[in-house]
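We did not get these values from a lab; they are worked out from the coordinates using the rules stated. For clarity, every value in this text was computed on a predicted model and none was experimentally measured. FYI the Cβ positions are ideal-geometry reconstructions off the backbone, even for glycines, and counts take in every protein chain you see.
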Amino acid sequence: MPDIKILDLFLKVSPLVKLTVLILISLSVVSWAIIIQRIYIFNKATDVADVFKSKFWSGVELSCLYQESQAHRNILTGLEQIFYAGFKEFTRLHSANKDVPKSVIEGASRAMRIAMNLELEGLERHITFLGTVASISPYIGLLGTVWGVMHAFIALGVAKYATLQMVAPGIAEALITTAIGLVVAIPAVISYNTINQRLNKIEQNYSTFMEEFTAILHREAFSSASSK
């Protein structure tokens, strides 16, 4: 069985197929860069959230935790950023509207939702590109496939006798682009679904923390109003 040299096959294909292959390889490189980056960022976000939740539920005073967050507010991320935004708004509104605890809670919840959306927006960055690559890669490969099959039929049409050598170049073009299109698309599909599942889990974690923190602020606001 003869050795198959990918580089030799690539050099022998038509310019259109070469362009198709280069486009697919470029999409694959960018996709893997995004996959690696998102995995790193999601792992970091999960670790940071776990550390902050442990600190939050350790029994430390919220005001002390807020002051600690305020000391490095320019680099806050994840749950700590949500906590900081919510408690900052709660403190501001509570000092001016102690008699209207419902408005204080609504304002703090709104600030936390905005902070959470901004955090999720950062985590979602570039994920749609993976979905796009997963969708279009097979079709880009199909373009080369059609071109290769067309070449094979043209070779058959101009020849008196059909031989494997006549159709081999066209078939090779078709197989190369089909295979590369699938190689690019399959990891992108798997990664896109996996990353979205992790994103949903992180979002659920953020939402759960917001509800728990809102309940704490609710008790604080209404106890202050009833003590007057």
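Some notes on this structure:
- Order of H94, H218 - criterion: other Cβ atoms within 10 Å of each residue's Cβ, fewest first: H218, H94
- Label-point gap, in nm, between E212 and T91 - each point 7 angstrom along Cα→Cβ: 2.2 nm
- Per DSSP, loop chymotrypsin sites (Phe, Trp or Tyr not before Pro) in segment 43-146 with at most 13 further Cβ within 10 Å: W57
- Between K44 and Q70, residue separation times 0.36 nm minus the direct Cα-Cα distance comes to 7.3 nm.
- Taking the fewest neighbouring Cβ atoms within 10 Å as the starting point, the ordered list for D99, D50 is D99, D50.
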